[in-house]
1. What is the residue count in segment 60-114 for residues that are part of a strand (DSSP E or B) and of a type outside the set (Val, Ile, Thr)?
2. With the checklist (1) among the polar types (S, T, N, Q); (2) crowded, with 18+ Cβ neighbours inside 10 Å; (3) more than 20 Å from the chain's Cα centre (by Cα) in hand, flag the one item residue 24 doesn't pass.
3. Being part of a helix (DSSP H, G or I) and β-branched (Val, Ile, Thr), is that true of even one residue in segment 160-168?
4. Would you say residue 107 is within 25 Å of residue 57 (Cα to Cα) and loosely packed, with under 12 Cβ neighbours inside 10 Å?
5. Confirm whether residue 41 is closer than 14 Å to residue 123 by Cα and either touching a Phe, Trp or Tyr at 6+ places or on another chain (Cβ under 7 Å) or not in a helix (DSSP H, G or I) (or both).
6. Exactly one condition in (1) under 30 Å from residue 66 (Cα atoms); (2) modelled with pLDDT of 95 or more; (3) open to solvent by 30 Å² or more (accessible area, probe 1.4 Å) is not met by residue 181; state its number.
7. Of all residues being among the small types (Gly, Ala, Ser) and more than 17 Å from residue 130 (Cα to Cα) in segment 39-75, which is most open to solvent (accessible area, probe 1.4 Å)? Just the residue, please.
8. Could we say that residue 176 is open to solvent by 50 Å² or more (accessible area, probe 1.4 Å), under 24 Å from residue 136 (Cα atoms) and not in a strand (DSSP E or B) here?
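The values are calculated or read from the model by the stated rules, or taken from the named source; none is laboratory data. This structure is a prediction, so every number in the text was calculated from the model and none was measured. Quick reminder, even Gly has a Cβ in these numbers, built from the backbone with ideal geometry, and neighbours come from all protein chains shown. These area figures cover heavy atoms from the full protein model, side chains too; ligands, DNA and RNA do not enter into them. Shrake-Rupley method; radii C 1.70, N 1.55, O 1.52, S 1.80 Å.
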Amino acid sequence: EYDDVCKIDFGTHVNGRIIDCAFTVAFNPKFEPLLAAVKDATYTGIKVAGIDVRLCDIGEQIQEVMESYEVELDGKTHQVKAIRNLNGHSIGPYRIHAGKTVPIVKGGDATRMEEGEFFAIETFGSTGRGLVHDDMECSHYMKNYDVGHVPLRLQRAKALLGVINQHFSTLAFCRRWLDRLGQTKYLMALKNLCDVGIVSAYPPLCDVKGSYTAQYEHTILLRPTCKEVISRGEDF
């Protein structure tokens, strides 16, 4: 609808080599400062990132840029706040979150970026508290990368794990994709896989009711002599 703010976060892969990207769509021009703040913050993160750069320094720069913006909504002025419990991340083969996190506020990890690493530089801005929590029904899941053999008692859980291994491996999937594969009555089996730690659930994340959030993200590769934005297209 005209007053909606919609975030499109998507990934694509070739043989497990993942590109992660996101952008935000809004039709009402009153939201333009919110979108501009987050896009500027993401490009700041890309600009600052590089070999031997400390992750905490990137977060500090991102926060400074994002929170310099304000947006007026219905006569009230809101500072755009960096969502402090969300961050960017390193990416590995078949592993969307490969161990390093790129904060979007100051005070983060002093670990350094290294040559040859892939990173998703993503920032999130909010007109609310700048803190999100799990809410609403979950539709997205992912098999944990480091999970070893876990004995399963439920036959349905064993069968569902086989489907997940065959079609998704350790990449994210949603319940709709299971439906398309002809899986039925699998919710108990899926819950069992989550309960024993084989699969993790990723429910929607929400700030306070009535607030608006935006997200922009690119994937970069730290080459020896440059950094390449491998998700960049003609429009973003």
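1. Here the count works out to 16.
2. Going through the list (1) among the polar types (S, T, N, Q); (2) crowded, with 18+ Cβ neighbours inside 10 Å; (3) more than 20 Å from the chain's Cα centre (by Cα), residue 24 breaks only (3).
3. yes
4. For residue 107, the condition - within 25 Å of residue 57 (Cα to Cα) and loosely packed, with under 12 Cβ neighbours inside 10 Å - is met.
5. When the stated conditions are applied, residue 41 does not pass them.
6. (1)
7. Only one residue fits best here, namely 75.
8. yes
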